[in-house]
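Please read the structure below before turning to the comments.
What follows is calculated from the coordinates using simple rules that are stated; it is not laboratory data. None of these values were measured; they are calculated from a predicted model. Neighbour counts run over all protein chains shown; Cβ positions are idealised from the backbone, glycine included.
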Amino acid sequence: MRILHTADLHLRNPKDERFKALECIFDKCSINEEKVDLLTISGDLFDNKENIYNLRVELRNLIEEYGERDSFFKPKFKILIIPGNHDETLYDINDYLGSNVELLCGKNVCSYNTNSLNIIGIPYFKGDFDSIISEIEDAKKSSKVNILLVHCTLGFPEIRREGCGEDREYNYLPISMEQLIYLDYDYVLAGHFHSSYIQKSFQKSQDSKKNWFIYPGSPVKITRNEKGKRRVCLIDTETQFIKPIELDTLYFDTCNINFHPYNMGKGLIELYQFIDKHKQNLELNKAELEISLNGYISIPEKEFKEEVEKITGNIKYKNNVVQVSEILNNSIFIRFKEILDQRDITAEKKEELFNFIMGAF
């Protein structure tokens, strides 16, 4: 079976970029190219209760619309949803969001089964994970591929508070890798961490099968912490194939360039490459960029501005560069530069010392 996994859409308005991201995900599920059988959404599909009734109606209409598409499409994909900490109160077990939608809610440990899959969902849970770990273990089926859907915080070094967007519940439902190793589920498809796609393997022993924990990251820009192209995860449980898939959705990216007065061309090339990488998405209004130019230049600031805007066009940027030609011609500075060039130290250390002395001047 082929599964497309996502989480953390935080829907607010049926006409905004987040709702368009959901349509983009449905497109990925619908086209025959990906052959998706199941879409899993691990929490925070909705952001809050504001406008929730209208949102649910629009969502149901959208799902039904995809179910009525012609034979070119593959509309029969199933959708599994668990509540997260943002939408915990926004579901009822009797809610109808579409004929192909299954809500895993109403109790601490929920299940959904196919011929080959045993999927266990953990809806929003305020207690300690250890209090339900035995129930999750008992829910496994040795004859099937076991999948755990959960909205949680896992203790990876990559995970920082800002990676969960503006969420105050950064440590919501902490789960350790030791607990996952103990449970030994084939796939743990998680939500709650927004900023980037994370895929980690774990296994009980060196000789045992390899299991996977996956954070897909939010599929659309939620805050300025969701940097770079957004993704979902495609999983083929028969071949154990896992692939992140980029989406054509709104994203954010930053560029910080330090200019050096003896090599300003390097900074301009770096700026051009950054803009060029995002050019197509800028034209489609799918990219928001933050550009900060720092350091020192040897040409007039007006001339520098003209060179920069040949590259950036109408894109806004922060210009913090300082023209320092007078300092470069100072005899004391010239002597310092000669001594620095003779030192047997790394280029990074030389640049650090250069910027320190330049700042002192």
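General observations
- When only alpha carbons are used to place a centre, segment 1-56 and segment 213-252 end up 12 Å from one another.
- Computed label-point distance, nm, for sites Ser205 and Glu178 using a 7 Å Cα→Cβ extension: 2.0
- Simple spin-label estimate for Asp236 and Asn263 gives 4.5 nm between the two label positions (7 Å along the Cα-to-Cβ direction from each Cα).
- If a spin label sat at a point 7 angstrom from the Cα of Lys350 along the line to its beta carbon, no backbone N atom of segment 269-303 would be nearer than 12 Å.
- In degrees, nearest ten, helix 52-67 long axis to first principal axis of the chain (Cα): 80
- Taking each residue as 0.36 nm, the span from Ile31 to Asn94 lengthens on full extension beyond its C-alpha to C-alpha distance by 19.7 nm.
- Take each peptide in 331-344, 254-267, count the other Cβ atoms within 10 Å of every residue, and average; sorted highest first, the result is 254-267, 331-344.
- Across the chain, Cα pairs under 8 Å and at least six residues apart give a relative contact order of 13 percent.
- Of Lys28/Lys76; Lys28/Lys78; Lys107/Lys200; Lys35/Lys229; Lys35/Lys76, pairs whose Cα-Cα distance is over 18 Å: Lys107/Lys200; Lys35/Lys229
- Under a model in which nothing but the beta-carbon of Lys, Arg (+1) and Asp, Glu (-1) is charged, the chain shows a dipole of about 380 debye around its Cα centre.
- Applying 1/(1 + (r/R0)^6) with R0 = 51 Å to the Cβ-Cβ distance of Glu246 and Ile339 gives a FRET efficiency near 0.55.
- Farthest positive-ward along the chain dipole, Cα basis, beta-carbon charges - from Asn329, Cys29, Ile339: Ile339
- With R₀ set to 56 Å, the beta-carbon distance separating Glu326 from Lys227 gives a calculated FRET efficiency near 0.90.
- Taking Cα atoms only, the orientation of helix 301-312 departs from the longest principal axis of the chain by about 30 degrees.
- Charge sum, other residues only, whose C-beta stays under 14 Å from Leu340's C-beta, Lys/Arg counted +1 and Asp/Glu -1: -1
- A convex hull fitted to the Cα coordinates of the chain yields 181 cubic angstrom per residue.
- Taking label points 7 Å from Cα along the Cα-to-Cβ direction, Asp138 and Asn51 give a separation of 4.3 nm.
- A Förster radius of 41 Å combined with the Cβ-Cβ distance from Arg60 to Lys279 puts the calculated FRET efficiency at roughly 0.65.
- Cα-based helix-to-principal-axis angle, 264-283 vs the chain, degrees rounded to 10: 30
- Set Lys141/Lys210; Lys227/Lys302; Lys126/Lys209 screened for pairs whose C-alpha atoms are more than 26 Å apart: Lys227/Lys302; Lys126/Lys209
- When the P(r) of segment 251-360 is calculated, the portion above 26 Å amounts to 29% of the C-alpha pairs.
- With neighbours defined as other Cβ atoms within 10 Å of a residue's Cβ, the residues Ile175, Ile82 order from fewest to most as Ile175, Ile82.
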